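S.K.: Structure in structure tokens, see below.
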Amino acid sequence: MTFNGYDTGGFYDEMFLPDGTPRPEARLLVDRINGLPEGEVLRRHQAAERALLNTGITFAVYGDDQGAERIFPFDIVPRIIPGAAWDPIERGLRQRVEALNRFVDDVYNDRNILRDGVVPADLVESSAGYRPECVGLRPPRGIWCHITGTDLVRDRDGTIYVLEDNLRCPSGVSYVLENRGVMTETFPVVFEGLGVRPVADYPSRLLSMLEYVAPAAMKRPVVAVLTPGMFNSAYFEHSFLAQQMGIQLVEGRDLVVADDRLQMRTTSGFEQVDVLYRRIDDNFLDPTCFRSDSMLGVPGLMDLYRRGRVALVNAPGTGVADDKVVYAYVPKMIRYYLDQDPILPNVPTFLCWHDKDRRHVLDHLAELVVKPANESGGYGMLIGPASTAAERRRFAGLIEAEPRNYIAQPTLALSRVPTRVEDRFEGRHVDLRPYILYGGEIYVLPGGLTRVALEKGSLVVNSSQGGGSKDTWVLSC
Amino acid sequence: MLSRVAESVYWMSRYIERAENVARVLGVNNQLQHHLSGLTEEQWDPMVKVGGDEVPFRARYGAATRENVIEFLTFDAGNPNSIIACLTRARENARSVREIISSEMWEEVNRFYLFLREPDARRRAVEDPHPFFEHVRRSSHLIEGTKNETMEHAEAWHFSRLGRYVERADQTTRILDVKYFLLLPSADDVGRPIDDLQWSALLRSASAFEAYRRAHGRVAAAQVARFLLFERDFPRSVQHCISAAQLSLHAITGTPLRRFANTAEQALGRLVAEIDYTDSAQVVRGGLHDFLDAIQNKLNGVGDAITRTFFAPHAGAEPGK
């Protein structure tokens, strides 16, 4: 199995130049794979998958009544990013997260950006992620967006765009760490030759950040990860991160508010919790504040939080900046708060609630990608070029009924990476989700999760929709 | 540690131990069958009785043939004591505490489960039972060994050990009880070669044959029962199991031995004392089955007390310390 005869198909290929020669940063890996004996790629691939299955790196698929768990499909060919290409991405992400954090704080406190008319107030307040309960909140150290996963894509001409920001509970970082572990075993020689920037220190950095935002300066704050439980699709990640950080993994039923503190029920009584890395949605955090039918949260938690008795990561209310309509305003936020030009461009976005934009969208449905403002996981999308007339009619109806909740973007020709398909390599479309931590400083994990649409021609990379993942190698230079 | 986590670690270990014992009984019985042609039906019957699952088995399977019994005790997810049902729950518990147990240990639990779920597992268990049940047993040992060598010997480890030993004590009484059921139809067999084979098989199912031989030589009914109940140094005897469980229980709470600060310590301490001060000869003469029954009830009481003391949600109340 070699790359001989590999076809870039007219797309931007992350590994090969249009003339079919490997990009300089990929040459060593291409030579290595081409030099392997027949059948060896497949053998290593199977060994890697077996290792993932045995470690139980699986996710549950919603709507699958078998309760089946699958391994997140993993592809053996990594995506390689040279250091010089990565550095501006990293700067751009830092800039973006800083502006987003300022925005969320402003929205719930001073409202300057709304008053100055840069972002319409009714747009913000009608966002599904806007939480009136958070007005006036002052989270520890002024940080709201502690952990952000920003999705990037590359278009045919090589430009990298920000596709969306995930500021609630972005998941997937555990796959980055596990994929790297598997890849170092699969291609040890290549690894040593290339100088790949490490990702293994992510859990330590995450823990430092969590300790940094503890409500009061303390020697060793007690930090816990709050999970909805083992039936959640990201449960593996919750337990993995807790294990790697050496902290407790708790469920709502393990927690109680007592003595004006958040406490865990232990075999020897209550123990105080200072920082909660919560992996459940705002709505389920506290039935006395948000959804009263939530069985996952802790009654009284928000009141403690408001009074600075416990820290929540991410802060409640950050979902307001997760909204795909609000997303369109991020470049303006960067100018407004930081007085800088955005380093990373947004994908041009049509907001269906603007009459002019909506007319354009409705006239061009067959060319555009239409997305609901507040869904994740690739659900509820229309990909124009791949759609049927009936689907377009349905979306036209949805847009007319709720223009606020739909945006549209041109269909990008996402870049591709060679991917193993049976006994050969074929190009498959990818995106990239880097993870950004905001604590004492803003840290960007080198690379992040490269998600790949395994189906031929597909542009949907979500794991719930037939996507897989690849290791991402950011080189030291 | 979290009460929920302690409970999961405890039950994970109990279920793994239970699965191992089902495999032990099945594996040995299968071997026994090679020696005793013509006994097929009677031979497999007690396997179902020992787990206390005779009624549901009869309703769904009818005859206790080899295939039926292996299916029921190994792969029937509707039988809560089947190997697959035990492993499914053990793995769910392990998954819910995988940040507490070591990664290596989790991986062994997961491998064990995946082995049972392999597409041709059923066929292999029926066609070639020996290596199959041997694998089940070894998987359990691998988990235990991995746990001992990779997990810190702290509170979670003690809860795991507590679960292992309470379950094993219970299983050993059940294995002994099989023999009681076996003897029922033909009391005439006592002392005949066939009886000798059965008692030897019983010892083998508890991995006790070699240790017994070294200690006592000839296989004799009363001696075997005494060995499996009271042999202090043998790791599957009831005496050994409950003493080991007691050590872990007191390591968890810090209460000195021979004292108690909660009902779990009280119930287990009483049981240990009873076993310690029982005249073994009298037990065998006075009706083994009733004695085993009483021990099983007391072990259930210990289990309930452990739940109340450590796992039950306690709104503000301090558990035993």
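Coordinate-derived values only; no laboratory data. Keep in mind that this is a model prediction, so the values were computed, not measured. We place every Cβ from the backbone using ideal geometry, glycine too, and count neighbours over all the protein chains shown.
S.K.: Amide H neighbours of A:Phe16 under 5 Å, at least 5 residues apart or on other chains, H built in the peptide plane: list them.
M.R.: Those qualifying (amide H under 5 Å, at least 5 residues apart or on another chain) are A:Arg23.
S.K.: Further, regarding this structure: Quick one: Cα centre-to-centre distance for region B:244-311 and region B:47-111, in angstrom?
M.R.: Here the answer is 26 Å between Cα centres.
S.K.: Which order results if B:Lys298, A:Lys356 are arranged by neighbouring Cβ count within 10 Å, fewest first?
M.R.: Fewest to most other Cβ atoms nearby, the residues stand as A:Lys356, B:Lys298.
S.K.: Among B:Ile143, A:Ile343, rank each residue by its count of other Cβ atoms within 10 Å, from fewest to most, as a rough exposure measure.
M.R.: Numbers: B:Ile143 28, A:Ile343 17.
With the sparsest Cβ surroundings first, the list reads A:Ile343, B:Ile143.
S.K.: Next question, about the same structure. Over all distinct Cα pairs, what is the inverse of the mean 1/r for the protein assembly as shown, reported as the Kirkwood hydrodynamic radius in Å? Numbers along the way, then the final one.
M.R.: Numbers: mean 1/r = 0.0335 Å⁻¹.
With all distinct Cα pairs of the protein assembly as shown included, I get 29.8 Å.
S.K.: Additional query: Taking every alpha carbon pair in region A:216-309, what does the distance histogram look like in 5 angstrom bins from 0, in percent?
M.R.: Over region A:216-309, the share of Cα pairs per 5 Å bin runs 3, 14, 24, 26, 20, 11, 2, 0 percent.
S.K.: Alpha carbon centre of region A:274-302 versus region A:89-135: separation in Å?
M.R.: One Cα centre to the other: 22 Å.
S.K.: In addition: Per-residue Cβ counts within 10 Å, from other chains only, averaged over A:259-267: what number is that?
M.R.: 5
S.K.: Please list, ordered by chain and number, the residues whose modelled amide H lies under 5 Å from the amide H of A:Ser469; skip anything fewer than 5 residues away on the same chain.
M.R.: Residues meeting the criterion, in which the H sits 1.01 Å from N, are A:Phe74, A:Asp75, A:Val452.
S.K.: Translational D (Stokes-Einstein, µm²/s) of region B:1-151 at 20 °C and 1.002 mPa s when Rh comes from the Kirkwood sum over C-alpha pairs?
M.R.: 134 µm²/s
S.K.: Let me ask something else. For chain B, modelled as a GNM with alpha-carbon contacts under 10 angstrom, which of B:Ser102, B:Ser140, B:Ser82 fluctuates the most?
M.R.: The residue that fluctuates most here is B:Ser102.
S.K.: May I ask what percent, to the nearest 5, of DSSP beta bridges between residues of region A:216-309 are antiparallel?
M.R.: DSSP beta bridges in region A:216-309 are roughly 55 percent antiparallel.
S.K.: Dipole of region B:230-321 (Lys/Arg Cβ +1, Asp/Glu Cβ -1, origin at the Cα centre): which of B:Cys241, B:Gly269, B:Leu257 lies farthest to the positive side?
M.R.: Most positive-ward Cα: B:Leu257.
S.K.: Something else now. About the Cα centre of the protein assembly as shown, what is the dipole size in debye to 20, counting +1 per Lys and Arg Cβ and -1 per Asp and Glu Cβ, all else neutral?
M.R.: For the protein assembly as shown, the charge dipole is close to 900 debye.
S.K.: Once phi is turned into ³J(HN,Hα) by the Karplus curve 6.51 cos²θ - 1.76 cosθ + 1.60 with θ = phi - 60°, what whole-Hz value does each residue of region B:125-140 show in order, with x for glycine and proline?
M.R.: Working through the residues one at a time gives 5, 7, 6, 9, x, 4, x, 5, 6, 4, 5, 4, 4, 5, 4, 5 Hz.
S.K.: Then there's this: What is the Rg over Rh value, at two decimals, for chain B, using alpha-carbon atoms and the Kirkwood definition of Rh?
M.R.: 0.96
S.K.: Under the classification rounded if a/c is under 1.5, otherwise prolate if a/b is larger than b/c and oblate if not, where does region A:1-116 fall, given a ≥ b ≥ c as square roots of the Cα gyration tensor eigenvalues?
M.R.: Taking the square roots of the gyration eigenvalues as a ≥ b ≥ c, region A:1-116 is oblate.
S.K.: Scan around A:Thr419 for amide H atoms under 5 Å from its own, H built in the peptide plane at 1.01 Å from N, and keep only partners 5 or more places away or cross-chain.
M.R.: Sorted by chain and number, the residues that satisfy this are A:Glu426, A:Gly427, A:Arg428.
S.K.: Quick one: 3J(HN,Hα) in Hz for region A:216-233, Karplus 6.51/-1.76/1.60 with θ = phi - 60°, rounded, Gly and Pro as x.
M.R.: 10, 4, 9, 4, 9, x, 8, 10, 9, 9, 9, 10, x, x, 6, 8, 6, 5
S.K.: As I understand it, the value is the acute angle between the Cα axis of helix B:238-253 and the longest principal axis of the Cα atoms of chain B; what does it come to in degrees, rounded to 10?
M.R.: That works out to roughly 10 degrees.
S.K.: Okay, moving on. Only Cα pairs under 8 Å and at least 6 apart count here; give the relative contact order of region A:350-410 as a rounded whole percent.
M.R.: 48 percent
S.K.: Using the alpha-carbon atoms, what tilt in degrees (0 to 90, nearest 10) does helix B:103-116 show relative to the longest principal axis of chain B?
M.R.: Compared with the principal axis, the helix lies near 30 degrees.
S.K.: Based on the Kirkwood radius over alpha-carbon pairs, what value in µm²/s does the Stokes-Einstein equation return for the translational diffusion coefficient of region A:350-410 at 4 °C and 1.567 mPa s? List each step's numbers first, then the result.
M.R.: On the way: Rh = 11.1 Å.
Approximately 117 µm²/s, per Stokes-Einstein.
S.K.: For the residues B:Ser248, A:Ser415, what sequence is obtained by ranking on other C-beta atoms within 10 Å, fewest first?
M.R.: On the way: B:Ser248 20, A:Ser415 24.
If I rank by nearby Cβ atoms, fewest first, I get B:Ser248, A:Ser415.
S.K.: From the Cα trace of region B:154-313, what convex hull volume per residue do you get, rounded to a whole Å³? The partial results should precede the final answer.
M.R.: Values: hull volume 17.9 nm³, N = 160.
Normalising the Cα hull of region B:154-313 by residue number yields 112 Å³.
S.K.: Do the sum for the protein assembly as shown: with -39,500 (n - 2.57) for every DSSP H run of n ≥ 4, divided by all residues, what is the mean residue ellipticity at 222 nm, to the nearest 500 deg cm²/dmol?
M.R.: Calculated from helices alone, the mean residue ellipticity at 222 nm is -14500 deg cm²/dmol.
S.K.: Still on this structure, please answer the following. Taking the alpha-carbon centroid of each part, what is the distance from region A:164-192 to region B:14-34 in angstrom?
M.R.: One Cα centre to the other: 42 Å.
S.K.: What residue among B:Gln239, B:Gln31, B:Gln198 has the largest mean-square fluctuation in a Gaussian network model of chain B, using Cα springs under 10 Å?
M.R.: B:Gln31
S.K.: Restricting things to alpha carbons, tell me how big region B:228-292 is in terms of Rg and Dmax, in Å.
M.R.: Final numbers for Rg and Dmax: 12.9, 39 Å.
S.K.: At a temperature of 10 °C and a viscosity of 1.306 mPa s, determine how fast chain A diffuses translationally according to Stokes-Einstein, using the Kirkwood radius over alpha-carbon pairs as Rh; express D in µm²/s, rounded to the nearest whole number. Don't skip to the answer; put the middle values down first.
M.R.: Values: Rh = 23.5 Å.
Roughly 68 µm²/s, to the nearest whole number.
S.K.: Label points 7 Å out from Cα along the Cβ direction at A:Ala84 and B:Asp196: separation in nm?
M.R.: 8.7 nm
S.K.: Here is a further query. From the backbone phi of region A:311-328, what are the Karplus-calculated ³J(HN,Hα) couplings (6.51 cos²θ - 1.76 cosθ + 1.60, θ = phi - 60°) in whole Hz, Gly and Pro given as x?
M.R.: Per-residue couplings from phi come out as 9, 10, 10, 5, 5, x, x, 5, x, 4, 8, 8, 4, 6, 7, 4, 3, 4 Hz.
S.K.: Subtract the Cα-Cα distance of A:Asp293 and A:Ala47 from 0.36 nm times their separation in residues, and report this length gain in nm to one decimal.
M.R.: Value of the extension gain: 84.1 nm.
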